[in-house]
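Accompanying notes for the structure given below.
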Amino acid sequence: MALLQCRFFSEVLGLSTSMTVILPQSAPSQIGMPGSARPGPYPTLYLLHGMSDDDTIWLRRTSIERYVADLGLAVVMPQADLSFYTDMAHGNRYWTFISEELPNICRSFFPLSDRREDNFVAGLSMGGYGAFKLALRKPETFAAAASLSGALDIHRDFLEHVRGPRELSALFQRIFGEKGPLGTEDDLLALLRKYEENGTQDQAPRLYQCCGTEDFLYQDNLVFRDACHQAGLALTYDEGPGDHDWAYWDAKIQDVLKWLPLKK
């Protein structure tokens, strides 16, 4: 595998930012990890970080580089700060950056496929929310999306935080505004209802959702699971013992990689 720490300028954000990228490499003589690379543009997993993390965290806390070595899969891990992958009410345009600018920049730098069937997104916690938002709002771009311990009932989370400590209240209002995300395109439950109302469930990407039963976001995940079933979208759901920690995510990202519909 090739590992790149990439610093670049974002026109959308108006600042320099970063991403960590894993690219496939066939290295038969490398001991312990010979790797695999297929010809042509690479299928790509956009792997999103959580609320307190950055673009390096998946590499530092899991063995993601080793897990993808034999898959011929590129992994793009972008920096999104504490934005909830949103065009913030009082802040920067991270939704536009992640959903529009970043894929174009990545494809200009690296040999990545632009075909829907080759593009996937996953994330943990805040990144799980971001992954499902990307997939549900950009179904023409992503074939599959996975959320690990995602913050999926964002309106409930918004209400809890604005009633909580002052710094969290200010943060969530900077992101979503004083009225919050209810019913907007930042509300995953509202996005599910649109698919149901429009009868477009067959256009949605495949979804994978997992959460530990000891996780403080477990109720969020139950709400999303039930809403997804109600809307008639295809969902692979997995729960079991586990907390909001890297032991759980390191194990579950391996399940996600096995589940991805990668073409052989």
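Every number here is computed from the coordinates shown, using simple stated rules; none is lab data. Remember, it's a predicted structure, so these values are computed and weren't measured experimentally. Because the Cβ atoms are built from the backbone with ideal geometry, glycine has one as well, and the counts that use them run over all protein chains shown.
What is the calculated FRET efficiency for E117 to S63, with r their C-beta to C-beta distance and R₀ = 30 Å, to the nearest 0.05? That pair, E117 with S63, gives E of 0.70. Ranking W95, P41, A143 by Cα position along the charge dipole of the chain, where only Lys, Arg, Asp and Glu carry charges on their C-beta atoms, puts P41 farthest toward the positive end. Sparse packing (at most 11 other Cβ atoms within 10 Å of the Cβ) combined with a DSSP loop state is found for the following trypsin sites (Lys or Arg not before Pro) in segment 125-197: R163, K179.
A Cβ-based charge dipole, computed about the Cα centre of the chain with Lys and Arg at +1 and Asp and Glu at -1, lands at about 660 debye. Under 5 Å between amide hydrogens, built in the peptide plane, is the criterion, and for A146 it picks out V121, A122, G123, Y208 among residues at least 5 positions away or on other chains. Taking only Cα atoms, what is the 0 to 90° angle, nearest 10, from helix 218-231's long axis to the longest principal axis of the chain? Its long axis makes an angle of about 90 degrees.
Residues in segment 82-103, backbone N under 19 Å from the label point at L168 (7 Å along the Cα-to-beta-carbon vector): list them, ranges by number please. What the label zone holds, given the 19 Å backbone N cut-off, is 82-85.
Using θ = phi - 60° in the Karplus curve 6.51 cos²θ - 1.76 cosθ + 1.60, the 3J(HN,Hα) couplings for segment 92-100 round to 8, 9, 6, 5, 4, 4, 5, 8, 10 Hz; x is entered for Gly and Pro.
Note on Rg/Rh (Cα atoms, Kirkwood Rh): of the candidates [x] 0.95; [y] 0.93; [z] 1.01, the value calculated from this structure sits at [x]. Across the chain, the mean sequence separation of Cα contacts (distance under 8 Å, 6 or more residues apart), normalised by length, yields a relative contact order of 16 percent. For segment 80-96, backbone nitrogen atoms closer than 13 Å to the point 7 Å from S18 Cα along Cα-to-C-beta are found at 80-81. Does anyone have the angle between helix 126-137 and the longest principal axis of the chain? Alpha-carbon axes, 0 to 90°, nearest 10? It is inclined by approximately 90 degrees. Scalar couplings 3J(HN,Hα) for segment 248-264, obtained by applying the Karplus form with A = 6.51, B = -1.76, C = 1.60 to θ = phi - 60°, are 5, 5, 5, 6, 6, 5, 5, 5, 4, 4, 5, 7, 3, x, 6, 6, 6 Hz; x denotes Gly and Pro. Label-to-label distance for E11 and D238 is 4.0 nm, based on points extended 7 Å past Cα in the beta-carbon direction.
The longest part of the chain holding none of the exposed loop GluC sites (Glu not before Pro), meaning those outside H, G, I, E and B in DSSP with at most 13 other Cβ atoms within 10 Å, is 12-139.
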